[in-house]
Amino acid sequence: MDERLWPADLMRGALDLCVLRIVGDGPTYGYAIAAALSERGLGTVKGGTLYPLLKRFEGAGWVTVDWRPGDGGPGRKFYVLTAAGRAVLNERADIWNAFAAVVTSFANAQNTSEEALS
C-alpha cells in the first residue's frame, strides 16, 4: 500500500469517522484498528493518537470495552460500537460526505479570475 503522510489537520478531521467506521464493522482491538487504517490508505496511526481517541469514545458512550484473553499472549481490549456510537457514525458520515462534496467542488473548479482578466 502507498504509505502517505497526510497533513495532520486533515487527519484530525477524519480520524474519528474512520475509527468509528472500523469499530462499527465488528468487535476489534487497537492494533487491528491501526492496521485497518493503514491498509485503507491513511498510513501509520500511532498508539499515542489512537488509544486516547478510543478512550474518549468510551467516555462518550460510543464504544464499550471488553477485555479478552489473548491467544498465547497478553489479553486485549476489544472495542464494540454502541447504539449511540452508531448514531454518531451515521451522522458524521453524512456530514463528511456533504463537506467533502463542497471541498471537491472548490478543488476541481477552474480558475475563472485569470480568464476574466484576459
Worksheet item: What GluC sites (Glu not before Pro) in the stretch 1-99 are in a loop by DSSP, with at most 16 other Cβ atoms within 10 Å of the Cβ?
Response: Glu3
Worksheet entry | the stretch 31-71: proportion of alpha-carbon pairs further apart than 17 angstrom, % | 42
Worksheet item: Residue separation times 0.36 nm, minus the C-alpha to C-alpha distance between Asp94 and Asn111: what's the value?
Response: 3.2 nm
Worksheet item: log10 I(q)/I(0), Debye, Cα-only the stretch 8-108, no solvent, q = 0.10 Å⁻¹?
Response: -0.30
Worksheet item: Hey, got the dipole for the chain? About the Cα centre, +1 on K and R Cβ, -1 on D and E Cβ, debye to the nearest 20?
Response: 560
Worksheet item: Looking at the chain, do any whole DSSP H helices span at least 27 angstrom along their long axis by alpha carbon and average -0.5 or above on Kyte-Doolittle, and which?
Response: 83-107
Fill in: the chain: relative contact order as a whole-number percent, Cα under 8 Å and 6+ apart
25
Worksheet item: Given labels modelled 7 Å from the Cα in the Cβ direction, how far is it in nm from Ala87 to Val102?
Response: 2.4
Worksheet item: From the Cα gyration tensor of the stretch 1-66, with a ≥ b ≥ c the square roots of its eigenvalues, which class applies: rounded if a/c is under 1.5, or else prolate if a/b is larger than b/c, or else oblate?
Response: prolate
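Read the figures in this text as sums done on the coordinates, not as results from a lab. Keep in mind it's a predicted model, so treat the numbers as computed, not measured. Ideal geometry is used to build each Cβ from the backbone, glycine not excepted, and the neighbour counts take in all protein chains shown.
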